[in-house]
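Here is the structure we will look at, set down as structure tokens.
The values are calculated or read from the model by the stated rules, or taken from the named source; none is laboratory data. Every value quoted in this text rests on a predicted model; they were computed, and no experiment measured them. Every residue, glycine as well, gets a Cβ built from its backbone with ideal geometry; the counts of neighbours run over all protein chains shown. Accessible surface is based on the protein model in full, side chains and every heavy atom, while ligands, DNA and RNA are left aside. Shrake-Rupley method; radii C 1.70, N 1.55, O 1.52, S 1.80 Å.
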Amino acid sequence: MTRLTLTRPDDWHLHLRDSAALAAVLPHTAARFARAIVMPNLKPPVTTTDQAAAYRARILAALPTGARFEPLMTLYLTDRTSAAEIERAKASGIVHGCKLYPAGATTHSDAGVTDLRKLDDTLARMADLGLPLQVHGEVTDAEVDIFDREARFIDTVLAPLVDRIPRLRVVFEHITTRAASEFVRAARDGVAATITPQHLLLTRNALLAGGIRPHLYCLPILKTEIDRRALIEAATSGNPRYFLGTDSAPHARHTKETACGCAGIYSAHAGIELYAEAFEAAGALPKLEAFASHFGPDWYGLPRNRDAIALVKTPWTVPADYPFGADTIVPWFAGESLRWQLAAESGQ
Ligand code: NCD
Ligand code: ZN
């Protein structure tokens, strides 16, 4: 196969940042995807519907002329998010979920939730109103090994939550382990997962063997080959509980190439092409469209996109860097070749 036409996909987990950084990265996403679930971990975080509306307006204002792209906003849950805020969020029509960051789990998560049980009234209102919870599924206890944090979260937080609030719709974001893919497969109705391209294509060897690669450091951290294979199996299975979410997370080069570097892989420049690489390697290209373009909107109760994109099998070299405000970002595959590219007529 040398050409692949897909219903235009959406990105169900994306970091767009703000100001000059937003303007730098948004065109990459908007060229490929019609919509994206926009993560709220700005500094300060997007915790209210009013802030989400203002951020949405800034995103729309940053779009290149003529581009069509719909940001689907989220609220950042804190210990103080009220049921009344959930009602405002739902009534706004622009907020499509609330993101749970366990406090301290990842970039800009210090304002996150310290004890989920204190939020049961808020979560119950989300369940009543059908507003999904997007979960960063890692425990933050310093004594838990970083490679075990997702699996531990399932047992100690996620499984009890899914039982305690039976109608809450939950997306287990960026799953990275066999344990997570099995949990989602067997979970009750209303539980789904996003899967990133890096967790489909890479293991921790890519990060750590033969030299440390700061641009491949993300959270949750890359795992083992057994985990990667389980994620490939899930993504290509045709099970509608698994869908695309890149978790593209740009950070300026100097904040990654340093003694204590930030977590986040930038992938928006090839946000759909990278999945084509992964699905092709798995012999499953015909399964890509449903994963990328159907299962996400179906789960969120939104219409599938009506237009299409095409990918062509024409190798291209990813630039060494992209401008990022006054800085640069180093994209995943910088200076290396990707086999698939977006056909010129697919950009918008
Ligand atoms: C994200 C970021 O940089 O905002 N980083 C990452 O490694 N994925 C935060 C997150 O989603 O965990
Ligand atoms: Zn993320």
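Taking region 29-41 on its own, how many of its residues are out of contact with any Pro (no Cβ under 8 Å at 6 or more places or on another chain) and either surrounded by fewer than 19 Cβ atoms within 10 Å (Cβ to Cβ) or under 11 Å from Phe69 (Cβ atoms) (or both)? Working first, answer last.
So in region 29-41, the residues out of contact with any Pro (no Cβ under 8 Å at 6 or more places or on another chain) come out as 29, 31, 37, 39-41.
Add one more test, that the residue is either surrounded by fewer than 19 Cβ atoms within 10 Å (Cβ to Cβ) or under 11 Å from Phe69 (Cβ atoms) (or both), and what stays is 29, 31.
Count: 2.
For region 86-122, which positions are under 23 Å from the mean Cα position of the chain (by Cα), among the small types (Gly, Ala, Ser) and away from ligand 2 (no atom under 16 Å from the Cβ)?
Ala89, Ser92, Gly93
Every residue, every condition in (1) touching a Phe, Trp or Tyr at 6+ places or on another chain (Cβ under 9 Å); (2) open to solvent by less than 20 Å² (accessible area, probe 1.4 Å), yes or no:
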residue: Trp12; (1), (2): yes, yes
residue: Ser19; (1), (2): no, no
residue: Val25; (1), (2): yes, yes
residue: Met73; (1), (2): yes, yes
residue: Ile86; (1), (2): no, yes
residue: Lys90; (1), (2): no, no
residue: Ala103; (1), (2): no, no
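Which members of region 133-142 meet the condition of being surrounded by fewer than 17 Cβ atoms within 10 Å (Cβ to Cβ) and at pLDDT 95 or above?
Passing the criteria: none in range.
Within the set of pairs 6 or more residues apart or between chains, which connect a residue that is touching a residue at least 12 places away in the same chain (Cβ under 8 Å) and farther than 22 Å from Leu244 by Cα inside region 32-51 to a residue that is within 13 Å of ligand 2 (Cβ to nearest atom) and open to solvent by less than 10 Å² (accessible area, probe 1.4 Å) with Cβ atoms less than 6 Å apart?
Pro45/Tyr76; Val46/Pro40; Val46/Tyr76; Thr47/Tyr76
Any residue in region 303-318 that's under 26 Å from Gly335 (Cβ atoms): show its pairings with residues that are assigned to a loop (DSSP other than H, G, I, E, B) and polar (S, T, N, Q) at Cβ separation under 6 Å, as long as the two are six or more apart or on different chains.
Lys313/Thr2
Taking Asp227 and the conditions (1) in contact with a helix residue (DSSP H, G or I) (Cβ under 6 Å, 6 or more places away or on another chain); (2) open to solvent by 10 Å² or more (accessible area, probe 1.4 Å); (3) outside any helix (DSSP H, G or I), which numbered condition does it fall short on, given that it satisfies the others?
(3)
Look through Ala310, Ala326, Ala235 and report the one residue that is surrounded by 15 or more Cβ atoms within 10 Å (Cβ to Cβ), among the aliphatic types (A, V, I, L, M) and at pLDDT 95 or above.
Ala235
What number of residues within region 299-324 satisfy the criterion of being of a type in the set (A, V, I, L, M) and part of a loop (DSSP other than H, G, I, E, B)?
Total satisfying the criteria: 3.
Pairs under 6 Å by beta carbon, first residue touching a residue at least 60 places away in the same chain (Cβ under 8 Å) and within 16 Å of ligand 2 (Cβ to nearest atom) in region 203-223, partner open to solvent by 40 Å² or more (accessible area, probe 1.4 Å) and not basic (Lys, Arg), six or more apart or different chains?
Listed pairs, sorted by first residue: Ile221/Ile146.
Tell me which helices (runs of 4 or more DSSP H) are completely within region 1-93 and hold 2 or more residues being in contact with a Ser or Thr (Cβ under 6 Å, 6 or more places away or on another chain) and not β-branched (Val, Ile, Thr), or say none if there are none.
Correct list: 83-92.
In region 235-271, how many are within 12 Å of ligand 1 (Cβ to nearest atom) and touching a residue at least 12 places away in the same chain (Cβ under 8 Å)?
Taking region 235-271 and keeping what is within 12 Å of ligand 1 (Cβ to nearest atom), we get 245-252, 255-256, 261-267.
Retained after the next criterion (residues that are touching a residue at least 12 places away in the same chain (Cβ under 8 Å)): 245-252, 256, 261-267.
Final tally of qualifying residues: 16.
Could you tell me which of the residues Ile212, Ile221, Ile232 is part of a loop (DSSP other than H, G, I, E, B), away from ligand 1 (no atom under 15 Å from the Cβ) and among the β-branched types (Val, Ile, Thr)?
Ile212
For region 133-187: of the residues being among the basic types (Lys, Arg) and more than 22 Å from Thr224 (Cα to Cα), which is nearest to ligand 1 (Cβ to nearest atom)?
Per the criteria, the residue is Arg169.
Please count how many residues of region 1-10 are of a type in the set (D, E, K, R) and open to solvent by 20 Å² or more (accessible area, probe 1.4 Å).
The number of residues fulfilling the criteria is 1.
Can Asp110 be described as modelled with pLDDT under 95, within 15 Å of ligand 1 (Cβ to nearest atom) and surrounded by fewer than 22 Cβ atoms within 10 Å (Cβ to Cβ)?
Values: modelled with pLDDT under 95: yes; within 15 Å of ligand 1 (Cβ to nearest atom): yes; surrounded by fewer than 22 Cβ atoms within 10 Å (Cβ to Cβ): yes.
Yes.
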